[in-house]
1. What percent does the relative contact order of region 363-502 come to when contacts are Cα pairs within less than 8 Å and at least six residues apart?
2. Using every Cα-Cα pair within region 312-402, state what percent have a distance larger than 14 Å.
3. Go through region 8-13 residue by residue and turn each phi into a ³J(HN,Hα) via Karplus (6.51, -1.76, 1.60, θ = phi - 60°); whole Hz please, and just put x for glycine and proline.
4. Give me, ordered by chain and number, the residues 5 or more places off HIS510 or on other chains with an amide H under 5 Å from its own placed amide H.
5. Mind giving me the nanometre distance, one decimal, between the label points for ASP365 and ASN51, set 7 Å out from Cα along Cα→Cβ?
6. Please report the net charge: other residues with Cβ closer than 13 Å to the Cβ of PRO410, K and R +1, D and E -1.
7. Any idea how far apart ALA285 and ASP400 come out in nm if each label point goes 7 Å out from Cα toward Cβ?
8. Is region 218-292 rounded, prolate or oblate when judged by the Cα gyration tensor, a ≥ b ≥ c being the square roots of its eigenvalues, rounded requiring a/c under 1.5 and prolate requiring a/b larger than b/c?
Amino acid sequence: MADKKRRYHYQGPLSIEIENFIEFRKQSGYAYTSSEAAFKAFDTFCVKIENQGLTPQQLAEAWVKPENGRPKYDGGCCVRQLGQYLSELGHPQAFTILCTGGRPPIAVGVNPGPFAMEINEFVNYKKSGGRKYEAGESGIKSFGKFCAMKKNEFLSPQQLADAWMAKAKEKGGGSYIDVVRGFGSYLAMRGSDKQFVVPYANGETPRLAFAGYASVFADGIESFLKTKRDSGLKYRGEEFVLKDFDRFCTGHPGLPAQRLAEEYIINKNACGNDKYRRSESVIKALGDYLAENSFFNSFKIAGETRVAGPYAAEVSAFVNFKRACGFKYCSSRYWLRCFDKFCAEKENGFLSPQQMADKWMLKRDGEHPNTRAGRVGPVRVFGKYLANIGHPKAFEIADDATRMIAPKPPYLFSEDEINAFFSACAELEPVDKDPSMHIVLPAAFLFMHCMGVRTCELDILMENVNFDTGEVVIANAKTGDRAVYMSGELSGFIIEYNHAIEKVFPCRRHLFPASVDRPRKDFAKRFSEIWASSVPANERGAPRLYDVRHHFLYRNVELCMSNGGDANAMQPYIMRHMGHKLPSSFQYYFHLSPPIRKEVSRIKSSLDWMIPDVPEVPYE
């Protein structure tokens, strides 16, 4: 075609070698655009009259020779790689250009190595799931080059993996070990004769890579996931549960669908409350979807629709009445079930309805007044409902029993205070009792400052962090699982932190081990200690760690308004990021910051002319 860019034809003594080398690099997956431009300049340099009698070695040395105290051209690295490529081939035109400091050039890996085809398949497999996998691809290709080295050509796949792991540990490349471990699991999953095992630091063998849904629910699960994602949900955390459910079903062939679902829920119940609740809700949703869409293997997981105490029927009728009025009544329904179970306890069996209500109303040890109010409030309304319908088991709870304490107003940070605090975090020193404190705390506080997560959401599992894309799944959060995304700068910092903390905790389950190895409240305690030692006291008092989350929201609102943006348009994005369900949770922050109040006042005064004064209208 006439408008197609004309291909450049190399004319120098190394023209064929340059073209072969560029083709080799492009076949290896490199774009090689800027380097190709450098080779064009090098080829032009070689055909100059004054350089035509030079050997390839002399041409290369003249090309990279400094001129006026600096390199003549920035293509020296490309020419160095060309020379190394020719040397590895044993080419008669080969030459060598040493790196800075006299070091020999790095091998370009002409030998593709024993895993060349498998590595390409593995990278494509990872990318097919929607991941960029840039860092992982770099790590696995480094492993491939290591295996292609001449000194390693007689080693078995397992010996290659062991040698690579030892080398990576010396250099602190823990994340690359994870990549190679996953590659070994992928080969085992494919049944390859080149498979190997890279165990975890505690000696445990990694689980086989997920090879796709294979149970009797395979088609239903894939259809269910597609429906959820077509509706705009990422459904990442729930997908982990569905994969685990599929593995469980594959390991228990012959059982009917209903039995499989029930056995899986019972099995997860033994793992603890959080995992049980999450698994039950996901599997229940799957069962409802299969039934609604007439799948042959549908099942039904019964929800907790009734209670077992003396108010069982009354609670059910009251909840249905409230929901018919348009209320969701979820948390209140939970407390009513708890109250009914409380009434059914043996020690309360001889109490009258009023005595049971009075006992329920008593403050418990360590209970915050607001928690007590939230627990007693639904029962008070339930008692009024029973009295209104003339029920014989009615009771009464006073209105002031559910009065809440006004929450402490959020602390408004200044930029100087933020800088002083993080400067103090950077100067933390390790201590004997806690050698990881100076690494974990700055990273955890910075993550909370940049992401606006809740204090309890710092309990992040490593399996929910994608270092390639910056995605972090916040699981078991207050308003359900959600995914948040780190900026490039924060993602780079967390990757560096991950390399550092792996040397202390090589096989940890959580991103911030302090959230597991020490009580969660220790984060807040350490925050207060660092703040008190680094930021001067003022009349506003001292902040809480949770105020960092407040700062994230109102600071973003401030920046949006100061840049002329529409804070209302930004509202749904911040609500989704922070896990807010109600707009009121977002709008609460509009009155907090002085710059916001000032901006609102300015807008109001500029619009006063539009509203004329209205004379007082007599009503008598």
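Values quoted throughout were computed directly from the atomic coordinates according to the rules given, and no laboratory measurement underlies them. If you're wondering where the values come from, they're calculated on a predicted model, not measured in any experiment. Don't worry about glycine lacking a Cβ; one is built from the backbone with ideal geometry, like all the others, and counts go over all protein chains shown.
1. This gives 14 percent for region 363-502.
2. Cα-Cα pairs in region 312-402 separated by more than 14 Å: 65 percent.
3. For region 8-13, the Karplus-derived couplings read 6, 10, 6, 10, x, x Hz, x marking Gly and Pro.
4. MET462
5. In this crude label model, ASP365 to ASN51 measures out at 8.5 nm.
6. Details: positive: LYS408, ARG540, ARG544, ARG549, ARG555; negative: ASP547.
Result for the local shell: +4.
7. In this crude label model, ALA285 to ASP400 measures out at 4.5 nm.
8. oblate
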